[in-house]
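Down below is the structure, laid out as C-alpha cells.
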Amino acid sequence: MKKRNLGLTAAVLLVLTVSMTACGSSDKSGMTEMNYATFDSAAYDTAGSYDYVASNTTAAADMDYEAAYAEEGYTGNQSSGELVNENSNASNRKLIKTVDMSVETEKYDDLLVNLSAQIKQLGGYIEYQYEYNGRTFSDYSGDRNANWTVRIPTARFDEFVVQVDESTNITNKTERVTDVTLQYVDLESHKSALLAEQKRLLELVENADTIEEIITIEQRLSDVRYEIESMESQLRTLNDQIDYSTINLSIQEVKRVTTVVENPSVWDRIKKGFSENTYSLGDGLVNLFVWFIVNIPYLIVWAIVIVVGIVVVKKITKRKAVKEEKIRQQLTNDMDKKPEDTE
C-alpha cells in the first residue's frame, strides 16, 4: 500500500509539473507536453518508479493536437506565429472589421429614421447613440448632429455601408481590418489543453487515497477551471467582434452638402468660390436679421437703460454748469465791489 501511495504521489507531481509547463507556452512545440492527459498509472512499476517504455505509448495522443493545428492552417514545421492559409480562403480567417464614417445630410430627421429601420432589417443594433438637437434659444443656425456606434452582422456589413453611401454625402471614411486568427487559434489550443488536464485531474481525484493528495489536486483543478473560464470569455469576445462588424457613424446636418469636383479647372474654382462666398454672405445677412428679431426684448431693455443714462448725465451736467456759472458770477460781483470799499 505504501508503494502504491508513493507511485500515485509521484504521478500527481508529474501531472502538475508538466501541466504548468504546457499552460505556460502557446507554441506548437508545447503540444507534445500534453502527454499527461493520457497518463496511465500502469506506467509506474511496483517499486514506484516511472516506466519510460510504457509512457511512450501515449505519444499517439499528440497526433490529435497535430491534426487540430493542421485544420487551422499550421504545418508540422511551423510555430503558432506562422499561420499558413493553404486554401487562400478568407472565410477561414478570423477578421474584425471596423469603419469610421463622417457623413452630412440635408434631411436629418428622415435619415435617422431610415438608418434605424435599415439596421433592424439587417439584423444589427445600435450599441451607442448620441444626438445633439441644437440650442433651444438664440440659435440662428439650427445645425444638429448625431454619433452612433452600429453593430452589423459581418455578412451584411458591406450592404449597410452601401446604403449609407447612397443616402448621405460621405466626407470622411476610414476602414480597418484586424486579423485575429493567430490569437483565436492559440486560445482554442490553450483551452483544449486545459480541458484535457481537467479531465485527467478529475480521474486522479477519484484514485487519491490521502487528504494531502486530494487537496493538492483540487487546488490545481481550481486554477485550471479559472483559466478555462478566462479562455472562454476571451473567445466569446472575439466571436462577437468577428460576427458583428462595427461602424462608428458621425452624422452632421447641413443646409447644403459639400460638393467635390475632380480635377477642377480655374473656372470651376472661381465658380465654386464665388458661389460659396455669395451663399455665406446671404446666410450671414439672414442670420443677422434672425438674431435682431430674436433679441428685440433685450435690445429694448438696453435702449431704455441707455436713454435713461443719457438723460441723467445731461441733468447732472446741466446742474453742474449752472452751479459753476453762479460761482463765477459771485466772484465777478465781489471783484467789482472791492475798489469802492477802498475809497
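The values are calculated or read from the model by the stated rules, or taken from the named source; none is laboratory data. All figures in this text were calculated on a predicted structure; none of them were measured in a lab. When we count neighbours, we look across all protein chains shown, and the Cβ atoms used for this are built from the backbone with ideal geometry, even at glycine. Just so you know, the surface numbers come from the protein's heavy atoms only, side chains and all, with ligands and any DNA or RNA stripped out. Shrake-Rupley method; radii C 1.70, N 1.55, O 1.52, S 1.80 Å.
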Next on the checklist: When the expected Rg is taken as 2.2 N^0.38 Å, what fraction or multiple of it is the alpha-carbon Rg of the range 186-343?
Outcome noted: 3.11
Checklist outcome for this item: Order by accessible surface, 1.4 Å probe, largest leading, for residues R156, R225 comes to R225, R156
Checklist entry - Could you give me the ³J(HN,Hα) list for the range 267-274, computed from phi with Karplus coefficients 6.51, -1.76, 1.60 and θ = phi - 60°, whole Hz, x at Gly and Pro? => result 5, 4, 5, 5, 4, 5, x, 5
Item to check | R200 - accessible surface, heavy atoms, 1.4 Å probe, Å² rounded to 10 | outcome: 20 Å²
Item to check | Debye, to nearest 20: dipole size of the range 141-296, +1 on Lys, Arg Cβ, -1 on Asp, Glu Cβ | outcome: 1380 debye
Item to check | Probe 1.4 Å - accessible area at E131, Å² to nearest ten | outcome: 90 Å²
Checklist entry - In terms of modelled amide H atoms, which long-range or inter-chain residues lie less than 5 Å from the amide H of R144? => result E253
Next on the checklist: Which one, S189, Y130, F157, projects farthest toward the positive side of the charge dipole computed for the range 129-237 from Cβ point charges (K/R +1, D/E -1)?
Outcome noted: Y130
Next on the checklist: Ordering W267, W148 by accessible area with a probe of 1.4 Å, largest first, what comes out?
Outcome noted: W267, W148
Next on the checklist: Just to be sure I understand the model, the point goes 7 Å from the Cα along the line to the Cβ. What's the resulting T174 to N287 distance in nm?
Outcome noted: 2.8 nm
Item to check | In Hz, Karplus ³J(HN,Hα) per residue of the range 121-126 (6.51, -1.76, 1.60; θ = phi - 60°; x = Gly, Pro) | outcome: 5, 7, x, x, 7, 8
Next on the checklist: I'd like the Karplus ³J(HN,Hα) series for the range 149-158: coefficients 6.51, -1.76, 1.60, θ = phi - 60°, whole numbers in Hz, and an x wherever there's a Gly or Pro.
Outcome noted: 10, 10, 10, 10, x, 4, 5, 10, 4, 4
Checklist entry - How big is the accessible area of S189 in square angstrom, nearest 10, if you roll a 1.4 angstrom probe over the protein chains? => result 20 Å²
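Quick check: with the 1.4 Å probe, what order do K173, K326, K97 take by accessible area, largest first?
Values: K173 100, K326 140, K97 50 Å².
Ranking K173, K326, K97 by accessible area, largest first, yields K326, K173, K97.
Once you've got the Cα coordinates, tell me which of K94/K191; K97/K255; K94/K120 are over 29 Å apart.
Details: K94/K191 17 Å; K97/K255 32 Å; K94/K120 25 Å.
Correct reply: K97/K255.
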